[in-house]
Structure formats: structure tokens, C-alpha cells
1. Going by what's in this entry, would C:Tyr29 be described as within 11 Å of another protein chain (Cβ to nearest Cβ) and surrounded by fewer than 22 Cβ atoms within 10 Å (Cβ to Cβ)?
2. Being in contact (Cβ under 8 Å) with a residue 12 or more places away in the chain and over 22 Å from D:Ala37 (Cβ atoms) narrows it down to one residue among C:Arg46, C:Arg7, C:Arg20; which is it?
3. Looking at (1) in a loop (DSSP other than H, G, I, E, B); (2) surrounded by 24 or more Cβ atoms within 10 Å (Cβ to Cβ), which one does F:Ala83 not meet, given that it meets all the others?
4. Scanning for something touching a residue at least 60 places away in the same chain (Cβ under 8 Å), part of a helix (DSSP H, G or I) and closer than 28 Å to B:Ile126 by Cβ, does region A:90-107 turn up at least one residue?
5. Scanning for something at pLDDT 95 or above, β-branched (Val, Ile, Thr) and over 21 Å from D:Thr115 (Cα atoms), does region E:101-112 turn up at least one residue?
6. Does F:Met71 qualify as being closer than 17 Å to F:Asp132 by Cβ, surrounded by 20 or more Cβ atoms within 10 Å (Cβ to Cβ), in contact with a helix residue (DSSP H, G or I) (Cβ under 9 Å, 6 or more places away or on another chain) and at pLDDT 95 or above?
7. Do we have F:Ala56 as within 12 Å of chain E (Cβ to nearest Cβ), hydrophobic (A, V, I, L, M, F, W, C) and open to solvent by 20 Å² or more (accessible area, probe 1.4 Å) here?
8. Within region B:131-176, track down each residue that is open to solvent by less than 40 Å² (accessible area, probe 1.4 Å), under 17 Å from the mean Cα position of the chain (by Cα) and more than 14 Å from chain C (Cβ to nearest Cβ).
Protein chains: 6
Amino acid sequence: MWAYEKRLQYPINIKKKDLRMAKLLVTQYGGSNGELAAALRYLNQRYTMPDDRGKALLTDIGTEELAHVEMISTMIYQLMRDATIDEIKKAGLDSHYVEHKKSLFPTDANGVPFTATYFASTGDPISDLTEDIAAEEKARAVYENLIDLTDDPDILGPLLWLRQREVVHFNRFNELLNEYKKMNF
Amino acid sequence: MWAYEKRLQYPINIKKKDLRMAKLLVTQYGGSNGELAAALRYLNQRYTMPDDRGKALLTDIGTEELAHVEMISTMIYQLMRDATIDEIKKAGLDSHYVEHKKSLFPTDANGVPFTATYFASTGDPISDLTEDIAAEEKARAVYENLIDLTDDPDILGPLLWLRQREVVHFNRFNELLNEYKKMNF
Amino acid sequence: MWAYEKRLQYPINIKKKDLRMAKLLVTQYGGSNGELAAALRYLNQRYTMPDDRGKALLTDIGTEELAHVEMISTMIYQLMRDATIDEIKKAGLDSHYVEHKKSLFPTDANGVPFTATYFASTGDPISDLTEDIAAEEKARAVYENLIDLTDDPDILGPLLWLRQREVVHFNRFNELLNEYKKMNF
Amino acid sequence: MWAYEKRLQYPINIKKKDLRMAKLLVTQYGGSNGELAAALRYLNQRYTMPDDRGKALLTDIGTEELAHVEMISTMIYQLMRDATIDEIKKAGLDSHYVEHKKSLFPTDANGVPFTATYFASTGDPISDLTEDIAAEEKARAVYENLIDLTDDPDILGPLLWLRQREVVHFNRFNELLNEYKKMNF
Amino acid sequence: MWAYEKRLQYPINIKKKDLRMAKLLVTQYGGSNGELAAALRYLNQRYTMPDDRGKALLTDIGTEELAHVEMISTMIYQLMRDATIDEIKKAGLDSHYVEHKKSLFPTDANGVPFTATYFASTGDPISDLTEDIAAEEKARAVYENLIDLTDDPDILGPLLWLRQREVVHFNRFNELLNEYKKMNF
Amino acid sequence: MWAYEKRLQYPINIKKKDLRMAKLLVTQYGGSNGELAAALRYLNQRYTMPDDRGKALLTDIGTEELAHVEMISTMIYQLMRDATIDEIKKAGLDSHYVEHKKSLFPTDANGVPFTATYFASTGDPISDLTEDIAAEEKARAVYENLIDLTDDPDILGPLLWLRQREVVHFNRFNELLNEYKKMNF
């Protein structure tokens, strides 16, 4: 089970409204390579890891990805919070507004709702860890694309930090995969 | 953010394999009225609750629903863990086995993958809390259906406890809804 | 069965093209909280209501929601009907045009096709009626969002009327729910 | 708008429980070639038919398909209504029961929820009528498959009648298509 | 099996970036009436055609549709290839860029991912060929809509050619359907 | 473009009907880790590979995966071809029969239709190749699960061969990934 700690893993404090970036960031919430897909993928796969080390690693990273979901959600919320109807219209966010007002919803950047088909779980530890490594690479690539699209340091800071975390996770999964291969799991 | 505590919210200790119940329980993991939909619904909606009390309630219950996801996952895993190939074939779980072996996957009882379209977030607190109350009623109904379908006390215990938690959540949401209505939010 | 009457439940007569509003209104046709989801939800659930009063109420409101689908469809059609290719391009409706020209299609405001996962049917009358009450609240909230986004009285008239109907339905469902609770269904 | 008449287009009176047929018939409710897809397809396409005759034909047949949805729904409901938990288990309908008890839900025979992607609307009358003709052929084929799978005259009667209606609709659509081709629409 | 020939079925050589058209053309790649749906539909249905002529026709046209997928893909790629970040932002293609950079993805024009629910396969040759004829009519209509939306001869050339191929396929399917009807398949 | 060669990449000649295996094998046709997902993934990603070697490798393996789709399709077709209605009922394949008779349809083993959300394309060659490596591992794992579930040498032969091909593809993708990493793509 989880205990909630009332703080973000990394501080978010966005001062400038940017509805366009809100529309794009959402893909790291509910898109195919986003943080929700990562969290659910790891927390789902952990049961069939062949030893405690594997179970612990997936639980640990899965739990951290939940914190990333919260960071991304907070960024999107702060970016939209103070927008007027006119600003929403101008930014083309009215298609979000009609259904969700200023609340969030886990979709990709085109508004396609999150689906569990974005990840896989074969129960084979080699295959599952390789899938996890690919997930980290894809999330890294999306963070880099987002970084290309903004100059706001309040957005760039958390994005650079999140991108770095994906690299750390990539390395930890890779290490475990190599050991499991040696152990012929 | 969340800290993981290495214990279940309520103990799960299933001694008898029951592949049929594994196939049915999964709906409370990844089905339309299940725990994952509940957790994501509340954690998603909390940002636009109009006061701290609302934000806290949704965070609190959302976090508990994550623990319920873990309980249900553990039940499914324990029910399948020791099954032989022959038992899997006989129980008609071979369509799960080919894709997931003995790992989990968030689907409904027919194998349809989880989708965020199972919940809504309108950003209107009255509407969102009413949706949450309905979610608790639907989860309660599904727990009652599951309880109809088993006699195993190791399964019934957690199901009865989980059903009861939905009633508690229902009451807490209802209370807040009534206050928000008085306050004309 | 149903007999078609060649008139709308409430007159629609939109004189000013407004392609942006056409793109937004469609969510009340094929979106998660829209009229089609409502109609199908009630007509689907009616069979397992525990008495004739419940069956009749769901049939009655379900049938009215079909008339609302027709009103919304007519509004969208009138808003697009006379648009030129250039106007369609400028309004960003070209992604609709390539697939549907000026015909309709049941999607949400982002173009995601309608799916039955937007509603639930548990066969438990208390749970089903609570879901129906939530559906009416969500539809009301979406009508209010749409009303925020236009000044055209030809659009506002029907929207205000439709919003009011959702309130009426909410009350009727609520009344029945309270009686069913007393009767311990 | 529509007025409800409290009678079925063709009488349904199934005396023998048959849960397997209930599981199969549902495809003509919520499956890709089913009656709901047909009703929504025609009622959606009618706005852009080039003359009143086309609009009337699609409205007329679309309205009749709603009555077919009701017939199929009634059949499924009657087939399941009196089943015991044990019978439901034995028939493999427990995956339906956990989520829907004895209520209905629009899915295909595998439990995949209805989606509007089952039909198309291009706004080109020649293309739309050709799509409609194909829809009638597909529904006919599915009725024939269902007829292969039962011997119960209470089920066969309505199925044979419904199959025949699809042939009538096929002919009416074909006739209009041929005229529209002559008129170079 | 297939052998790849390193040439396009019809030459594509687009000299002018046009990100808006890239966003629209994608529907003929991954949309409901697009080339991928056509290719998979025919290659899937061929096994149950009642004679070698039917099997050969579906294999032949299915294989050609794969070449059309490649043509459309090449067009989209050439239209985006040299775009700067600023141009991508201005064209509203940033929601594509965050997830896919300049790579392709099979979606419709709104970004909804390709799904096999776009086509049907009933195993009845009359019904399957009628579905195929409808598919060709729908693809033709979408090509005509795309042709309405551009003036660039480098885009118009391939679109006009592809539109013509759909007419040829329509005729070939129609011919076979008429013979099969005579032969009472 | 592609030229069809009227032979399978590896001979399929199944003499014994086995409807249960037909139901399971379909996941390698239309399931999340299946051959169709692989073929479309590689053919889609090839455009943004940074050099000709990458483009050629993805085209080459993508084309081979189309041949694997054909092999799997042929296996399913041969397994069902001669089944009687009674055999179909007994094997629980009647839910397939009502919609598709004995024709194929790209779904997973539970009947969920194929969707492009099963794969990703980020346009970053390192990320795309890592995704491809994961795809090969997942396909290998599914082949091993299928091999666990049958004793028929006519089925085992092609499955073992196909499994081996995934290992070959894994190695080729891995090799290219390592070079691209050295070249800092």
C-alpha cells in the first residue's frame, strides 16, 4: 500500500500561463509513452519477477512514476488555472474546456483517452524488462520533444529533471536485465 | 508523492487455486467499475475541487484505491500462481496464458483492456462528486456479484472488506457533496 | 418500438454559420457525457428495473434523449451546411471534412469516436439509477461549458432548454432512487 | 423526435432459457454488424442525403432498426432472466454476470463494447448508400450464422423475420442508389 | 509471401512543405476509409473466398493497397521532412511532434489510432465483396475531399491516380460479386 | 511496393483440426505482441531511420513479418476449415462463428480487435530500435507460451521456426542499435 506525502517529488511553480504547452504536456500524463503507462506497467509486472530484487525494483520505480504523474498533472493544472475563456478559445483548448472545463483528463496530445494497450506484460522477465527499457527510452524521447517546444524555464526545469530520471531508470532496468540473462531466467 | 509500505491494506492469503475466480476478479482491477478506474478518477479530479477539504478527500480515497488495486492484484496472482498448464487449459484461461503467462493485465472479465473512458472529469465539483458516488455504488454492486460466485472464505474475506470500504467512501463523498450544494459551489 | 414524428422536440433555426461551435457541440452528440450515451444508457438499463414504474421512466427519458440527439445533430448540421472550403480550412474543420465532408459523426470534441464504455449497466437498480443521476449532472455541466463559449441566441436558446431538461431528468431519477431505497430494492 | 409505442415490432416470447444463445445474440445488439450500428449509421447519415426521399428513407429504416435493437434486447433478457447462478457459471456467462448481473450491455459476442468506428459517414450519398447496402448484407450474414446455431423455434422465428427485413432494406437502399447514380449525385 | 521492390507504385516528389496537408493525408494511411484498412481487409478476407479467382483477386488488390500505404506514407514524410519547429507549431502539428517527432503513425486526421474495427469479415463471400465495394467507394470519396483541399500539383498528381485505382478496384470487385451471385455462392 | 509470391515463407500443413489452438494462435495475428503489430511497426518507423542501412533493415524485417502474418493466418484457417457446427460449439468458438463464420479477423486471443496503440513510433532512432528489440522479445515469449499449449508437430514445426526468426531479428536490431549508439544518432 501507499502513503501520500503532501509534496511533489520536484517543485513545480509555473508563473506564466501557456495553454499550448498544457495541451502538449498531457501526453506525458495519458499518452502512449507517458508516466501513467509507465507506473501501471511496472506495478503490474512486478508480481512475476523471479526474485525479490526484481519485485522491489519494479515497485520502487512504479511508485516513483506515480509521483511523476502528479508532477505532470500539477504542471498542466498550473498552466491552465488562470486562463480566461477568450484565451482558451484562442489556444484551441475549447475542445478540452467543453468536456473538462479546467480539470485534467488522461489523454494523449490529440485528446485520445489513455488505454492499457499502451503497455504489455508477458510474464517472461527478460521480455518484460526489455519492454521496460524501451518504455524509458520512449519517455526520454518525448521529454526531448517537449523541451524543443518551450523556452519557459519554469517548464524546462521539471522536464529536464524528469528526462534525467528516465535515464536513471533505464540504467537500473538494464543492469537487472543483464543479471537475469546471466542467471538464465 | 507516495511512499510505498510493504504490506497490504488487508491481508490476502489464498490457499486454494481457483482459476475461474481469477478470471472474474480481474474486472475489479481493470474493468469499468474497478479499483484502477476509481483511483485514477479521484486522483485526476482532485485539482479542481473548490477547497482543501475536497482536494484532501479525493487524494485520500484515491490513494486508498491504489491499495485496493494492489489487493485485487495479489488475489489474482495467488489464485493463478501454482496452476499447471492443464489446469489453465481446463479453466479456459489459456487465452490469458498465451499473452501474459501468469502475469497480470488490467482488463475486464472478458479481457477488454482498461481505458480511461470508464470515468469522467467535468471540472464541476457537483458533477464530479456525483460521478464519484455513482462509481462507489457500481463497485459495490460488482463486489456483491463476485461474492455471489464463490464460497471460498479466503476470497470472501477480502471481498466483503472491500465492499464495505466502498460504502464508507460513498458516505464520505455524499457528505461533501451535500455541503458543497449548500455552499453553492 | 418507436414512431418517428417529423418535428424536433424544440425548434432549431441557426442563421449564422459557426464552425467552431459545430466542432464543440459534437461532444453532446458522441462524447462521453452526451445525449447518445444517455439515450443508450437508459434504454439499455430499463429491462432490469424492478418494477413497471422504473421500466417506464427509463424508456420515457431514453426516448426523449433520442430527440435530444436529433436536436444536437440538427444544430451541427445547420452550423456547417453553408460553409465554403476556405471557411472550413480556417476553422480547422478540415480534419472533419476529409473524412465526413459535411455529414455528421458521433465523436467527442477531439474527434474520438463514441464508445459504449462511456456508460455502465450493473443490473443493480440502486447503482444504475445513481449512474443515471451522475449522467444528468455531467450533461448539465457540459451544457454550461458550451453556453460559456457562445453568444449566438440561436444556439443559446436550445442549449438552455436542453440544460433545463437534464435538471428535470435528474429530479425524476432522484425521486425514483429515493423510493427504491425505501423499498430496499 | 420519436414516440414510444409499448409493443415490439415482432412478438418475442422465449420459453426456454438458453444462456449460450444469449451470449451470441448480443452481437446483433452491440457488435460490428448489429442493429445498433445500423440504426446509428442511418440516422447519422440522413442529414446529407441530397433530397427528401433519401432523408426519409434513412430516417424510416433507422427508426425501424431501433425497434430491432429492442427486439434483440428483449430476446437476450428473456434468455437470461430466470437463470440461476449455477446455470450462469456453467454457461460461461459469469464474466457477464460480474459486471452486469442480468442487465444488458451493447458488446459483440466476445464482450467488446460497441464503438462508432463500426460505421462510416462520408457525406457522399453514393458512398454512404453503398456502405448501407454492405451493412444490410453483413447483418443478413450474421443472422444466418445465428440461425445455424439454434433449433429453438422461439428464437428462430424472430431471427428469420429479422433476416428478412435486412433483405427488404437492402432492396430499398439499392433502388435509391441506382436512381442517385442516374441523377449523377 | 511478399518481395519488396525498391520503388513506389507511382512516383512521389513533393517539393513544397505543407504541414496542414500532412495532417489531413494521414487519414488515408490510418483512418477508417484508408489504405491500411483496405489492405488488411482484403488480405484477411481472401481465405474464405469460394474459388481461386476470388482468392487471387483479394490477394492482388490487397497487395496493391500495401503499395498505396507506402505512397501515402511517403507523401506525409516528404511534406514534414524539412519543417522547422516554428513551422510545426504554426501548423498545429506540435501534438504530432511531441509523440512522433517527424516519424509517421497510422491514425485518422484527428490523431485517433488505427483499429481493425474499421473493417469486417463475415466469411460470406457475397457480404464480404459488398463490404469491399463499399470500402472502395468510401476511399474514393475521401480522395475527392483531399483533392478539394489542395492546389499543389505534386500532391494532386498522386491523389488523382490513387482515386482512379479505387474506381478500378470497385469495378473488379463488382464484376466478381455479380458472377458469385449468378453462381449462388 | 511489394510483389506477391504464391508460396508461404515456411510450409504449413496442418492435418488435425484443433479449434482451441485456432482461438489462441490468433493473438500472433492481431494481438498486442503479434506479427501484424510487428510488420506495421517496422514499415512505419523506417522513414525516419538516420541512414540507408536502418531504412533497409526495417523494410526487410517488416516485409518478412507480413509473411509471418500470412503463415499464422494460414494456420488458423487450416485449423478451423473443416470444423462442423457442433465442434465449433464445443470448442467455444461460436462467438467467433456468429461474426466471422470461418473467416479470419485480427484480434487477440480474447477477441479484442487489433489497434495501432500496440506499437509506438517516436522518430528517435535509438528509442525506435529499442522498442523493436522489445517487440521481438515479446513475440518470442508469446511463441513459447503457444508451444507450451500444443503437442501437434504440424503446429509446433512452424511455431518453433517463427520463434527462431524473432531471435534472428532481435540480434539484427541489437547490432544496429549498438552502432547507432556509437555514432551518437
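The values are calculated or read from the model by the stated rules, or taken from the named source; none is laboratory data. Computed from a predicted model, the values in this text were never measured in an experiment. Note that we place each Cβ from the backbone using ideal geometry, even for glycine, and neighbour counts take in every protein chain shown. Surface accessibility is based on the protein's heavy atoms, side chains included, excluding ligands, DNA and RNA. Shrake-Rupley method; radii C 1.70, N 1.55, O 1.52, S 1.80 Å.
1. No.
2. Being in contact (Cβ under 8 Å) with a residue 12 or more places away in the chain and over 22 Å from D:Ala37 (Cβ atoms) holds for just one of C:Arg46, C:Arg7, C:Arg20, which is C:Arg20.
3. (2)
4. yes
5. No.
6. Against the criterion (closer than 17 Å to F:Asp132 by Cβ, surrounded by 20 or more Cβ atoms within 10 Å (Cβ to Cβ), in contact with a helix residue (DSSP H, G or I) (Cβ under 9 Å, 6 or more places away or on another chain) and at pLDDT 95 or above), F:Met71 does not qualify.
7. Yes, satisfied.
8. B:Ile155, B:Leu156, B:Gly157, B:Pro158, B:Leu159, B:Leu162
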